[in-house]
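Novice: Take this structure first; my questions come after.
What follows draws every value from the coordinates through simple rules; no lab data is involved. All values derive from a computational prediction rather than experimental measurement. No Cβ is skipped: glycine too gets one built from the backbone with ideal geometry, and neighbour counts run over all protein chains shown.
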Amino acid sequence: MRTFLLILAISFTLLSVVFAALPMDTLAFAPILLALLFIFLAFKKSDVAQRKFPKRLFIIAYLCALIVLGKTFFIKDKVAVDTQFEQQKKNTKQDAKKDLEQLEKDLE
């Protein structure tokens, strides 16, 4: 049972690291919470001499949680206005109008 819990804890901890690195925002807390749950259960099932590895997994999971919290509260997403694109869009509309006017004159 301990081995199964450790395998689950390791897999969810690895998933937590990946989700913490990606811009998943608070969705990254799902594998982190599952990892912490399985780590806790593995820690409880372990003997005193076998608790070193689950403790390290706890540290990794807590660091992932801190990283996700830090990214959520301290990094703000900003949307910048692309003036060059807006100008290009206006020019494209003007060119399309000119082409239509020219086509109208040609058809007459």
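Novice: Modelling each spin label as a point 7 Å along the Cα-to-Cβ direction, I'd like the Asp77/Asn91 distance in nm, to one decimal.
Specialist: Those two pseudo-labels are separated by 3.0 nm.
Novice: How high is the relative contact order of the chain? Use alpha-carbon pairs under 8 Å, at least six apart in sequence, and give a whole percent.
Specialist: Reported as a whole number, the value is 28 percent.
Novice: A follow-up question, please. Taking a quarter of the surface of the Cα convex hull of the chain, what do you get in nm²?
Specialist: 11.2 nm²
Novice: Let me ask something else. Post the alpha-carbon centroid distance, region 6-62 to region 71-85, in whole angstrom.
Specialist: The distance from the Cα centre of region 6-62 to that of region 71-85 comes to 32 Å.
Novice: Another question, then. Which helices, taking whole DSSP H runs in the chain, have alpha carbons extending 27 angstrom or more along the helix axis plus mean Kyte-Doolittle at least -1.0?
Specialist: Helices meeting the span and hydropathy rule in the chain are 2-21, 52-74.
Novice: Arrange the peptides 37-49, 77-89, 9-21 so that the one whose residues have, on average, the most other Cβ atoms within 10 Å appears first.
Specialist: In descending order of packing, they fall as 9-21, 37-49, 77-89.
Novice: Within the chain, how many Lys pairs sit with Cα atoms under 26 Å apart, leaving out pairs fewer than 8 places apart on the same chain?
Specialist: Lysine pairs meeting the criterion: 13.
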